[in-house]
Protein chains: 2
Amino acid sequence: MTPGSAALGHVRDRVDRALQDFVGQQRGVLLAAGDDLRLGAESIAGLLAGGKRLRPAFCYWGWRGAGGPDCPQIINAAAALELLHAGALIHDDLMDASDTRRGQPSLHRQFEARHAARGWYGSAEAFGMGVAILLGDLLICWTDEMFHASGLPGDALRRGRPVLDRMRTEVFAGQYLDLLGQATGDETVAGALRVVEFKTAKYTIERPLHLGAALASAGPGPASPDGGRIEGGAGGTAGSDGTLAAAYTAYGLPLGIAFQLRDDILGVFGDPAQTGKPAGDDVREGKRTVLLAIARDRATAAQAQVIDRYLGDPLLDEAGTAEVRAAITGTGAVAECERMIGRHVGEAIGALEGAPVAGEAKEALAELAVAATARDG
Amino acid sequence: MTPGSAALGHVRDRVDRALQDFVGQQRGVLLAAGDDLRLGAESIAGLLAGGKRLRPAFCYWGWRGAGGPDCPQIINAAAALELLHAGALIHDDLMDASDTRRGQPSLHRQFEARHAARGWYGSAEAFGMGVAILLGDLLICWTDEMFHASGLPGDALRRGRPVLDRMRTEVFAGQYLDLLGQATGDETVAGALRVVEFKTAKYTIERPLHLGAALASAGPGPASPDGGRIEGGAGGTAGSDGTLAAAYTAYGLPLGIAFQLRDDILGVFGDPAQTGKPAGDDVREGKRTVLLAIARDRATAAQAQVIDRYLGDPLLDEAGTAEVRAAITGTGAVAECERMIGRHVGEAIGALEGAPVAGEAKEALAELAVAATARDG
């Protein structure tokens, strides 16, 4: 039991059941189109069985913190975020050419292997890619279906809608910036942190909290590009709502950075049994993380040489992983990341003090901050 | 001026403007994440500038036929379907490895070329693929944003929502069946027609009509897998609504098949200036169309040999295109497809007679049936 497991567990089991129910219904729709869709439906159900349900948890506690009552409707709406996340992961694994996800072959690899094993026509790789694109699209679309069928009143959904919209535009924009930064060779810590802000901090923590608050009528819509508020996103009176949303931002953004830094460390040093990915996978995939940007900044010529030799090497083995780990640790980048995690988690929890967040939720969010960034993930 | 251009033109110009306005707003959101997103925003705007707006037109006339008034709100909701379509096209071109779309390089090729020209790091192909996945995802998500921000009342959106949901699940299911059929070598006419039902007939015509009807309060939700109706999808009284929806199905499904058959013929015989694709592109991509399934069914050994030699050949040139065209025509498949188009268009128009469709809309739908399947597309 990690600290915070109560705050997560309170939501997780019910989110799991809501997802099972929803996917069970969709299975019927898919099979009506053709029995051949059975395998696709099963792969989706398998992928959705895993995951920590962090985004639903933040959405739920964002709602509770705004005074929303515990009820099945908010669980359904929060669970919808997990469908978006699963779709984004399928597409992400395809873009990164990742072989594994949650301890299983990634979805495109599953279908590639099935194609190869059965000796089907055409390219197995193209088949795996096509299925992964389509099933990812399907899951992304189901987000809206589950959200609007959550049972929450129309007014609540109308308030939440622009936050969900903004969250999705931001996460895809963040991934685009990441891709572009990789291509142009932006190795700066600042560049990596900007990607983390959009791709992780807003997407995983800040916006789910804002969504919960907006659904509970206390949340504002996301800020519009010119700094104003999107019409229709604001519920209730501006005063206290703005304060709550600002508190969620002050908590969510630093926590999101800490969460990503923990993920960066696990991506290089994590135990495969814990991460569901092979050891050193971020190095193998050449990911442009904050940890690696800091390591490069601080590396001696010899350390830089080791990092450059293995980064993005698809054949990276155990010995190479050990060597690159030693080089990164030697730069002091891991210790620096741990310090940053501690500082950012402290900042996040500090932001809760004096914030207009309802009692039980405040405690749960403090627990979640620790749980989401713990060494044993 | 093709026949039916009045019914299409009435909608198209206003849909164009609604899309421009929406994409202009989103541009602001994207640029707030980073100026690097400018190119992505421009590519999206460029892609959205083209297209016949068939799905918005059917949605609009589905609404009008159900007694809905002409108003900007229904134009906005109908235009949202064009965002879904653009996202699906980007992903489709990637899966098919298509080089062109609407007379321009396909989106993944645009970004691949940019990467190569600038000598960026990593694989240009992987970069093009990644950007295409992300921008397609973005467009698919924007569908919901534009739909819910259309200005239609909450009740109308609540009635339309399950139809939009069903339409999206069906189109991705249809594409999945297509991919699987290609891999398993299903060359039957029946198999190709089943894909057409989901991927084209429901998606392009039947569901947009149902969506318009549901928004206007006269439409039922889509049938649930067990043949019942989805709760919340039905507006008004069941009697007349069921009749209207049934009429739209009786019109939409045969018309959808005719529309796809015309597309099949254009994919082999069409003029690039008209199709926006190179001559013979369906042959080059090895598409498993109804036209080709019929041609194979009827081919002599010599004709089959020619078809098999060129089908899926990425290097297919002008001489090869001419040869394969002659073989396909020689089987009588083109004449058979033309007969099927005529019969299905007749069936569609016949279904309008006696249907409870409001006057002007009935005439527009008859015009659209001809326009959507005309030889000059």
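The values are calculated or read from the model by the stated rules, or taken from the named source; none is laboratory data. Only a predicted model underlies this, so the values are computations on that prediction, with no experimental measurement involved. Note: ideal-geometry Cβ built from the backbone for every residue, glycine included; neighbour counts use all protein chains shown. SASA here: full protein model, heavy atoms, side chains in, ligands and nucleic acids out. Shrake-Rupley method; radii C 1.70, N 1.55, O 1.52, S 1.80 Å.
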Query raised in the report: Looking at B:Ala214, B:Ala218, B:Ala192, B:Ala246, which one is at pLDDT below 90 and aliphatic (A, V, I, L, M)?
Result: B:Ala218
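Would you be able to say whether some residue in segment B:244-251 is farther than 17 Å from B:Leu209 by Cα and open to solvent by less than 30 Å² (accessible area, probe 1.4 Å)?
Let us first name the residues in segment B:244-251 that are farther than 17 Å from B:Leu209 by Cα, namely none.
Taking every residue of segment B:244-251 in turn, none turns out to be farther than 17 Å from B:Leu209 by Cα and open to solvent by less than 30 Å² (accessible area, probe 1.4 Å).
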Query raised in the report: Does A:Thr321 qualify as being under 19 Å from the mean Cα position of the chain (by Cα), surrounded by fewer than 22 Cβ atoms within 10 Å (Cβ to Cβ), part of a helix (DSSP H, G or I) and touching a residue at least 24 places away in the same chain (Cβ under 8 Å)?
Result: no
Query - Given (1) under 19 Å from B:Ala190 (Cα atoms); (2) surrounded by 15 or more Cβ atoms within 10 Å (Cβ to Cβ), number of the condition B:Ala355 does not satisfy - result: (1)
Report task. With the condition kept exactly as written, say whether any residue in segment A:284-296 is more than 20 Å from the chain's Cα centre (by Cα) and open to solvent by 60 Å² or more (accessible area, probe 1.4 Å). Result -> yes
Query - Number of the condition not met by A:Asp155 [criteria: (1) more than 9 Å from chain B (Cβ to nearest Cβ); (2) open to solvent by 10 Å² or more (accessible area, probe 1.4 Å)] - result: (1)
Query raised in the report: Does segment A:303-312 include one or more residues that are charged (D, E, K, R), open to solvent by 40 Å² or more (accessible area, probe 1.4 Å) and modelled with pLDDT of 95 or more?
Result: no
Requested in this report: Give the residues of segment A:280-293 that are assigned to a helix (DSSP H, G or I) and either at pLDDT 90 or above or within 22 Å of A:Glu336 (Cα to Cα) (or both), sorted by residue number.
Outcome: A:Asp281, A:Asp282, A:Val283, A:Val290, A:Leu291, A:Leu292, A:Ala293
Query raised in the report: List the pairs whose first member sits in segment B:188-201 and is under 13 Å from B:Arg296 (Cβ atoms), whose second member is open to solvent by less than 20 Å² (accessible area, probe 1.4 Å) and assigned to a helix (DSSP H, G or I), and whose Cβ atoms are under 7 Å apart, counting only residues at least 6 apart or on separate chains?
Result: B:Thr188/B:Ala293; B:Val189/B:Val290; B:Val189/B:Ala293; B:Val189/B:Ile294; B:Gly191/B:Gly181; B:Ala192/B:Val290; B:Ala192/B:Ala293
Query raised in the report: For segment A:168-186, does any single residue satisfy the condition of being open to solvent by 10 Å² or more (accessible area, probe 1.4 Å), in a helix (DSSP H, G or I), under 19 Å from A:Tyr251 (Cα atoms) and among the aliphatic types (A, V, I, L, M)?
Result: no
**Report entry** Members of segment B:193-214 found to be charged (D, E, K, R), farther than 20 Å from B:Arg159 by Cβ and under 11 Å from the mean Cα position of the chain (by Cα), listed by number
**Finding:** B:Lys199
Query raised in the report: Can you name the residue in segment B:343-377 that is in a loop (DSSP other than H, G, I, E, B) and not hydrophobic (A, V, I, L, M, F, W, C) and is also nearest to B:Leu255 (Cα to Cα) among such residues?
Result: B:Thr373
Report summary line: Taking segment B:175-190 and keeping only residues that are more than 7 Å from every other protein chain (Cβ to nearest Cβ) and within 15 Å of the chain's Cα centre (by Cα), one is left with B:Asp178
Query raised in the report: Does A:Gln110 count as polar (S, T, N, Q) and over 28 Å from A:Leu164 (Cα atoms)?
Result: yes
Requested in this report: Starting from residues that are over 16 Å from A:Leu83 (Cβ atoms) and not polar (S, T, N, Q), keep the ones in segment A:164-174 and report whichever is nearest to the other protein chains (Cβ to nearest Cβ).
Outcome: A:Ala173
Report summary line: Listed by first then second residue, the pairs whose first member lies in segment A:117-140 and is more than 7 Å from chain B (Cβ to nearest Cβ), whose partner is of a type in the set (S, T, N, Q) and crowded, with 23+ Cβ neighbours inside 10 Å, with beta carbons under 8 Å and at least 6 positions apart or on separate chains, are A:Ala132/A:Ser106
Report summary line: Within segment A:111-148, the count of residues that are of a type in the set (Gly, Ala, Ser), touching an Asp or Glu at 6+ places or on another chain (Cβ under 6 Å) and buried (at least 23 other Cβ atoms within 10 Å of the Cβ) comes to 1
**Report entry** Which listed residue, of A:Gly286, A:Gly359, A:Gly276, A:Gly312, is in contact (Cβ under 8 Å) with a residue 12 or more places away in the chain and out of contact with any Asp or Glu (no Cβ under 9 Å at 6 or more places or on another chain)
**Finding:** A:Gly276
**Report entry** When residues of segment A:252-279 are limited to those that are assigned to a loop (DSSP other than H, G, I, E, B) and either more than 16 Å from A:Arg325 (Cβ to Cβ) or in contact with a helix residue (DSSP H, G or I) (Cβ under 6 Å, 6 or more places away or on another chain) (or both), the one least open to solvent (accessible area, probe 1.4 Å)
**Finding:** A:Gly276
